[in-house]
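Colleague: Before I ask anything, here is the structure I am working with.
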Amino acid sequence: MKARQAFIAAHGGPEVIQWQDVDLPAPGPGEVLMDIRAVGLNYIDTYHRSGLYPLPLPAAIGSEAAGVVVAVGDGVTGFAPGDRVGHCGGTRGDYATARLVPAKELFDLPPDIDFVTAAAVLLKGCTTEFLAERAATLIAGDHALVHAAAGGVGQLLVQWLSTNGINVIATAGSEAKLDIALQCGATHAFLTHDPDLVAKVRAVTGGTGVPVIYDGVGAATWDISLKCAARRGLIVSYGNASGAVTGVALGQLTAHGSLFVTRPTMGDYYTTPEERAAGISRVWAMLRSGNVKVTVGQTFALAHAAEAHRAIEARETVGSTVLVA
Ligand code: NDP
């Protein structure tokens, strides 16, 4: 099968994304040949591209896609030609019109989930599931703070936590994004660059601070997260959109109230077939409940993936971004 696939031969800006035509062989043992109909853009794609997360080069990129099984290799059970499937995490290479993918990395798509929705929610939804329900223990009535609340993971996380009865304090980079966060269910929303942000967050928690803070922004919000945390609170530092958090001295955690920190990754929460099945079924259940909705804020032609990278890095996107062939 012929396919067009993205690759990078060097780390750098969006311009390093190149395209090539390939002739895909029949799938090998354990592999599936997947015809890709929609691709999810994720901030992690920019880390792979820029070298923040270095890859052996040349490298394929893309970690979220939905499409149809064309053929299966020896030993593959559970998938057959014509099946609608989704891929997230694991081996990269989803910026493509078709690819070979290990069967163990695929999810079946339920009939009520279209390809664009699947590409918008698989990686971000599974991430939200483990962040909201497994990386931290929250009970209804608690406060949580979510940075970049109008983003892809951000919007899902605000809705998910709110559904679970959590009072979500949101931060975002513009007034328009604050409105989005409030529509998603946040009880309060503040500009990330508000000089009085910490005082405002403390005020809405009655002075105690926030027991759980979700921080996917990283370097730029680390100090804010420390200062907003309640005594013995937990900072879930799950991403680096503004750069990686480095050089943290454990004394900082003491100084801000005996804090806890976790730096989780989805790979450690979706390890076994059972864990994967349980996690994705929570995602589908949340979507079906109507309490969590996926917003595709913008789409780009797959061939214009570099433009999509520029937009997400310039903080111009909201919700999920989907690349379509
Ligand atoms: P988003 O759609 O959330 O985009 C990133 C957002 O970060 C921007 O919209 C912007 O929102 C905010 N931001 C703040 N400062 C900067 C900056 N200097 N440069 C760029 N953006 C900035 O992306 P995703 O939903 O794809 O990912 C969100 C986070 O989740 C990322 O950090 C990603 O790495 C992480 N992630 C982690 C996973 C894990 O397993 N640990 C899995 C999946 C995602 P604003 O303008 O409102 O500040």
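The values are calculated or read from the model by the stated rules, or taken from the named source; none is laboratory data. Predicted model, so just to flag it, every value in this text is computed and none were measured. For neighbour counting, all protein chains shown are included, and Cβ atoms are generated from backbone atoms with ideal geometry for every residue, glycine included. The accessibility values were calculated without ligands, DNA or RNA, using every heavy atom of the protein model including side chains. Shrake-Rupley method; radii C 1.70, N 1.55, O 1.52, S 1.80 Å.
Colleague: So, A311, is that one within 29 Å of V245 (Cβ to Cβ) and more than 10 Å from the ligand (Cβ to nearest atom) or not?
Modeller: no
Colleague: Considering V76, V85, V70, V22, which residue is in contact with a Gly (Cβ under 7 Å, 6 or more places away or on another chain) and either part of a strand (DSSP E or B) or aromatic (F, W, Y) (or both)?
Modeller: None of the others qualify; the one that does is V85.
Colleague: If the requirement is being open to solvent by 10 Å² or more (accessible area, probe 1.4 Å), more than 16 Å from the ligand (Cβ to nearest atom) and assigned to a loop (DSSP other than H, G, I, E, B), which of these qualifies: L52, L57?
Modeller: Unique residue meeting the criteria: L57.
Colleague: Filter segment 1-19 down to the residues that are part of a loop (DSSP other than H, G, I, E, B) and surrounded by 13 or more Cβ atoms within 10 Å (Cβ to Cβ) and list them by number.
Modeller: M1, H11, G13
Colleague: Looking at segment 218-232, can you tell me whether even one residue there is in contact with a Pro (Cβ under 7 Å, 6 or more places away or on another chain) and at pLDDT 95 or above?
Modeller: Yes, some residue in segment 218-232 is in contact with a Pro (Cβ under 7 Å, 6 or more places away or on another chain) and at pLDDT 95 or above.
Colleague: Sticking with this structure for a sec: Of all residues in segment 238-272 being within 16 Å of the ligand (Cβ to nearest atom) and among the hydrophobic types (A, V, I, L, M, F, W, C), which is surrounded by the fewest Cβ atoms within 10 Å (Cβ to Cβ)?
Modeller: Across segment 238-272, the extreme among qualifying residues is A244.
Colleague: Need pairs with beta-carbon distance below 7 Å; first residue aromatic (F, W, Y) and modelled with pLDDT of 95 or more and within segment 72-99, second buried (at least 16 other Cβ atoms within 10 Å of the Cβ) and in a loop (DSSP other than H, G, I, E, B); sequence gap 6+ or separate chains.
Modeller: Close Cβ pairs (under 7 Å, with a partner that is buried (at least 16 other Cβ atoms within 10 Å of the Cβ) and in a loop (DSSP other than H, G, I, E, B)) amount to Y95/I61; Y95/G62.
Colleague: If you scan segment 114-126, which residues turn out to be more than 12 Å from the ligand (Cβ to nearest atom) and either in contact with a strand residue (DSSP E or B) (Cβ under 7 Å, 6 or more places away or on another chain) or of a type in the set (A, V, I, L, M) (or both)?
Modeller: F115, V116, A118, A119
Colleague: Among the residues of segment 273-298, write down those that are open to solvent by 40 Å² or more (accessible area, probe 1.4 Å), in contact (Cβ under 8 Å) with a residue 40 or more places away in the chain and more than 14 Å from the ligand (Cβ to nearest atom).
Modeller: P273, R282, R288, S289, N291, K293
Colleague: Moving on. What pairs can you find where one residue is in segment 17-33 and touching a residue at least 60 places away in the same chain (Cβ under 8 Å), the other is outside any strand (DSSP E or B) and basic (K, R), and their Cβ atoms are less than 9 Å apart, with a gap of 6+ or different chains?
Modeller: I17/R49; G30/K104
Colleague: Does segment 154-175 hold any residues that are under 18 Å from T295 (Cα atoms), more than 8 Å from the ligand (Cβ to nearest atom) and not in a helix (DSSP H, G or I), and which are they?
Modeller: If the condition is that a residue be under 18 Å from T295 (Cα atoms), more than 8 Å from the ligand (Cβ to nearest atom) and not in a helix (DSSP H, G or I), then A170 is the only one that fits.
Colleague: Still on this structure: Looking at segment 299-308, which of its residues are assigned to a helix (DSSP H, G or I), away from the ligand (no atom under 12 Å from the Cβ) and either open to solvent by less than 40 Å² (accessible area, probe 1.4 Å) or under 20 Å from V217 (Cα atoms) (or both)?
Modeller: L302, A305, A306
Colleague: Yes or no: T192 in contact with a Cys (Cβ under 9 Å, 6 or more places away or on another chain) and either open to solvent by 40 Å² or more (accessible area, probe 1.4 Å) or over 21 Å from D45 (Cβ atoms) (or both)?
Modeller: no
Colleague: Go through segment 127-150 residue by residue and tally those that are within 15 Å of the ligand (Cβ to nearest atom) and surrounded by fewer than 24 Cβ atoms within 10 Å (Cβ to Cβ).
Modeller: Within segment 127-150, residues that are within 15 Å of the ligand (Cβ to nearest atom) and surrounded by fewer than 24 Cβ atoms within 10 Å (Cβ to Cβ) number 5.
Colleague: Residue under question is S225, and the condition is that it be within 16 Å of the ligand (Cβ to nearest atom) and out of contact with any helix residue (DSSP H, G or I) (no Cβ under 9 Å at 6 or more places or on another chain); does it hold?
Modeller: Answer is yes for this residue.
Colleague: When the residues of segment 25-43 are narrowed to those that are aliphatic (A, V, I, L, M) and under 18 Å from G86 (Cα atoms), which ends up surrounded by the fewest Cβ atoms within 10 Å (Cβ to Cβ)?
Modeller: L33
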